[in-house]
1. Using 10 Å bins from zero, what percent of all Cα-Cα pairs in the chain falls into each bin?
2. Where the only charges are on Cβ atoms (+1 Lys, Arg; -1 Asp, Glu), what is the dipole of the chain about its Cα centre, to the nearest 20 debye?
3. Compute the convex hull volume of the Cα atoms of the range 169-237, divide it by the residue count, and report the result per residue in Å³ as a whole number.
4. If you build the Cα gyration tensor of the range 266-315 and take the root of 5 times each eigenvalue, what three semi-axes come out, in whole angstrom, biggest first?
5. Excluding residue 456 itself, what net charge comes from residues whose Cβ is under 10 Å from its Cβ, given Lys and Arg +1 and Asp and Glu -1?
6. At what distance in nm do the modelled label points of residue 202 and residue 59 sit from each other, each positioned 7 Å from its Cα along Cα→Cβ?
7. Just the number, please: Stokes-Einstein D of the range 82-191 in µm²/s, Kirkwood Rh from C-alpha pairs, 25 °C, 0.890 mPa s.
8. Could you order the peptides 190-200, 294-304 from most to least packed, using the average number of other C-beta atoms within 10 Å per residue?
Amino acid sequence: MTPSMNTSQDRAFFGHPRGLSTLFFTEMWERFSYYGMRALLLLYMTAPVAAGGLGFDTAQGGAVYGLYTSMVYLATMPGGWIADRLIGPRRAVLYGGIFIAAGHFSMALALLPMFYLGLFLIVIGTGLLKGNVSVIVGKLYASGDNRRDAGFSIFYMGINLGAFIAPLICGYLGQEIAWHYGFGAAGVGMVLGVVQYVLGGAALGDAGVEPASATPDARARWRRQATLWGGLFVAMAAMVGIGGYTGAIPITATQVSDAAGVMLLAITFGFFGWLYMSGGFTPEERKRLYVIGVLFLAASIFWSLFEQAGSTLNLFARDRSDNAVFGAAFPSSWFQSMNSLFLIVFAPIMAWVWIRMSSAGTEPSTPMKFAWGLVFAGLGFAILVIPASNESQLASPLWLTTTYFLHTIGELVLSPVGLSAMTVLAPARIGGLMMGVWFLATSVGNFISGRVTGFYEAMALPSLFGTVATVGIVLGVILMLLTPAMRRLLPTQPSQH
């Protein structure tokens, strides 16, 4: 990889290119806006109209929540295509940030149409920004630059810092003052990110300025494709939105979510159907593709459990948790900061553990790490069965804190190896395509998470949490049992078990 102009020898930001500071704060503010709004989203939708909320029941709120969070991650795939072929990552990040800020400010207006418009704009903006800002980070370093991994570690610290601060500020403003102050604060955060991104653009050199090189004919063909599909998408969204609001089209948010679920199912089965039925792979490649399929399923289930932080666990924190420490009350949305706090503290420790285990020849294989990730996610729900069974007493905040701790350990075990596994196992000629599989798994998991919320009031909480825990733990154990067979399909890993 060719480094950006004037960045290969730049060590102005803790020994890294000064452009890394620009991207660090861009992603920090983007995650601030995302997690600040997410901490409030379901609480706002299910709050009574008299309390300033939308008055949705949990099934409808969960459907909207799952639709939104799944589309945010799915949109990174077309967002990457647009950047690669049409406008370049630099402009994609800028336009994405503007869309996101506009979306949050739309939600700050107490109007239902503006609420849905805001969600739509944030999905579009995140699709343009989320993946492409990471691409620009990579372009700051030359191939073989030993600072690259450390640079991404610093960059990811910005993600966790933004995600940690966001619920504390937006959650307090939204729950204690007015919902729309919380949404507005998320928008202000994204504006700060855009402003510093523009002001710090010179430090990025020419990283990500241009799209991938192509012939003029190819570029013209891509523009026509983008115009056609983009126009159809906007027209369909406008028709559904206007028709649903005016009553001209009898459609509900739940029905839109159901349709999106069918689309996700079709995309998933269509993709893997093409993958396994294609005749262009060698027997060795085909074996690895089977492993990818199993890991995709495991990742989807993991994220369906983990992402309930913003849905069922968020509602449990509001309804059944004693949200006070030493007599000082705090907003229930503050629990949303626990995962990021634990990540900041324990990520370096977990990295050290893997290094030590690798040196000793005892580091678990990728399938085994995925299995443990599922088990930890399941255990996080299993312990909540105890306080959920006692309806006469609010649960100590230590219960949810322990749940988030276990979920964070599961994330640290599974998530860092996810993208790496996709790139290692995928045939080189479809490596870029397989990167999108990880985001597709996250999208599917988020969608399932939202739909599980529909059972929050329909089932007894001990039964709901027990069922979710059982799914995670049982599938984790099954994957452990399958690991020896899967290891035989993996590239040689003599030190892994």
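Where a number appears in this text, it was derived from the coordinates with a stated rule and is not lab data. These numbers come from a predicted model, not from an experiment. Virtual Cβ from ideal backbone geometry, glycine too; neighbours counted across all protein chains shown.
1. Going from the shortest bin to the longest, the percentages are 4, 18, 30, 29, 16, 4, 0.
2. Numbers: 26 positive and 21 negative charges, 240 e Å.
Charge dipole, the chain, about its Cα centre: 1160 debye, nearest 20.
3. Values: hull volume 9.2 nm³, N = 69.
Normalising the Cα hull of the range 169-237 by residue number yields 134 Å³.
4. Details: eigenvalues 198, 28, 4 Å².
Semi-axes from the Cα gyration tensor: 31, 12, 5 Å.
5. Working: positive: none; negative: 57, 319, 457.
Local charge sum for residue 456: -3.
6. Between residue 202 and residue 59, the label points sit 5.9 nm apart.
7. On the way: Rh = 15.3 Å.
Translational diffusion coefficient: 161 µm²/s.
8. 294-304, 190-200
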